[in-house]
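Have a look at the structure below before the remarks.
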Amino acid sequence: MESRGRGPRPDFLHVLRPFIDDDDVRAVGETLRSGWLTVGKKCIEFEEALKPVVGARHVHVVASCTTALEIALRALGIGRGDRVVTSPITFTATAAAILHAGAEPVLADVESDTGNLDPAKVERLLRSRGKIRALMPVHFAGHPCEMDPLLSLTRKRRLLVVEDAAHALTASYRGRPIGSIGDATCFSFFACKNLCTIEGGAIATNRTAVDRKARVLSLHGISRDAWQRYSKGGSWRYDVVDFGFKSNLTDVQAALGLSQLAKLARMQERREQIAARYTAAFAAEEALEPPTVRPHVTMAWHLYVLRLRPECLRINRDSFIEELRRRNIGTSVHFIPLPLFTFYRKRLGFSARAYPVAMDFFKRALTLPLYPSLTDRDVDDVITAVFDVVRRNLR
Ligand SMILES: *Cc1c(COP(=O)(O)O)cnc(C)c1O
């Protein structure tokens, strides 16, 4: 392996980056020149191509994962008066989608190793709070939640399951692809997610009626989509049968999605290699806790979340991030727990003290660069910088 010696990296390394190649540019260009820009054939082709990846009978592509979550909730009849259990370790979009659907998000604390919803905490919440209609597990960083224990809780109480799989495209739980398990599963194709359509999302479901309803809701509540209306043999006549959204994906985005899908396996393989390189380096250092991967899951490696062991270090996470930045290594923190945000505290009364495991997870976590275009040398620069900061700050 090449070595640059002991000096710091000369240029700044970003923590997240989209991966776009010439094939993607060509696919977008062809669709731009085709004369059909927005929802049409390419969206349908993209939906068909996603089905085997997520293992669902139906896939509907939409403008974002945020809107996918809201539409999925509405398509399942979840709304006013209903409560939906989700995780404090997630992006604000998860809870906001629940609120937009008219329901109320309630939080259960997480597992200390994966940062995913803890089935035992969910069970306690289900016993103590009424009106809970659904669970919205978040597969944090691409590591699937413990779906079997969660499903045994929901089956007993006839609760619905809408998964936030924004990080979890290609993940699987006990051999079952994420997308094939819950009543509906929502994916994100945002720029920096594992598959990019710039902005975009999808709803996967095995329930035909839910797919039908989601399709109507995502395009103004109109009973047929624009593709059918404007193709030869289509009709000008349509009905508005529901109070819908304007949340479709476009054919230009779907063309990008199809092109990305063609190299998804390669991109995932690279993510896995990078994660393995990090973990091999960090596993022996007492001050560092690499991410857990349970033996019965396939991890989608959207994020590499390293955790610090504060008892071993003289600096906290925030200073650690600052030290890495000085060494030209970009990092981030996923996620600032929802109870720390003004809006959720004021509107829903969320309090950080109620979620001690999530708070501990947050205080020790930092996200390292992980995306397919990282070179081995980039990864080694990150490892070198992390060890440099650790060694200078050991207790
Ligand atoms: C990115 C993200 C979303 C939102 O995805 P969009 O496609 O940007 O709407 C939702 N949940 C989680 C956990 C995310 O990371």
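Worth a mention:
- Residues that are away from the ligand (no atom under 16 Å from the Cβ) and acidic (Asp, Glu), drawn from the stretch 138-184: 146, 148, 183
- Count of residues meeting criterion [in a helix (DSSP H, G or I), closer than 21 Å to residue 303 by Cβ and of a type in the set (A, V, I, L, M, F, W, C)] in the stretch 336-395: 15
- Test: residue in the stretch 76-91 that is in contact with a Pro (Cβ under 6 Å, 6 or more places away or on another chain), among the hydroxyl-bearing types (Ser, Thr, Tyr) and within 16 Å of the ligand (Cβ to nearest atom): yes
- Some residue of the stretch 44-55 being touching a residue at least 40 places away in the same chain (Cβ under 8 Å), assigned to a loop (DSSP other than H, G, I, E, B) and either more than 16 Å from the ligand (Cβ to nearest atom) or at positive phi (or both): yes
- Those residues of the stretch 312-326 which are surrounded by 15 or more Cβ atoms within 10 Å (Cβ to Cβ) and in a loop (DSSP other than H, G, I, E, B), in sequence order: 315
- If you go through the stretch 215-271 and keep only what is part of a loop (DSSP other than H, G, I, E, B), at pLDDT below 95 and of a type in the set (Lys, Arg), you end up with 224, 232, 237.
- Those helices (runs of 4 or more DSSP H) lying entirely in the stretch 76-160 with at least 2 residues free of Cβ contacts under 8 Å to residues at least 60 places away in the same chain and charged (D, E, K, R): 119-128, 147-157
- Yes/no for residue 63 being buried (at least 23 other Cβ atoms within 10 Å of the Cβ) and either within 12 Å of the ligand (Cβ to nearest atom) or of a type in the set (S, T, N, Q) (or both): no
- Among the residues listed as 358, 365, 283, the single one being under 27 Å from residue 268 (Cβ atoms), within 16 Å of the ligand (Cβ to nearest atom) and not basic (Lys, Arg): 365
- All told, residue 275 meets the bar of being away from the ligand (no atom under 16 Å from the Cβ), buried (at least 20 other Cβ atoms within 10 Å of the Cβ), within 18 Å of the chain's Cα centre (by Cα) and over 17 Å from residue 62 (Cα atoms).
- Test set (1) without any contact (Cβ under 8 Å) to a residue 60 or more places away in the chain; (2) over 25 Å from residue 279 (Cα atoms); (3) in contact with a helix residue (DSSP H, G or I) (Cβ under 9 Å, 6 or more places away or on another chain) - residue 342 fails condition number: (3)
The values are calculated or read from the model by the stated rules, or taken from the named source; none is laboratory data. These figures come from a predicted structure and were not determined experimentally. All Cβ positions, glycine included, derive from the backbone under ideal geometry; neighbour counts span all protein chains shown.
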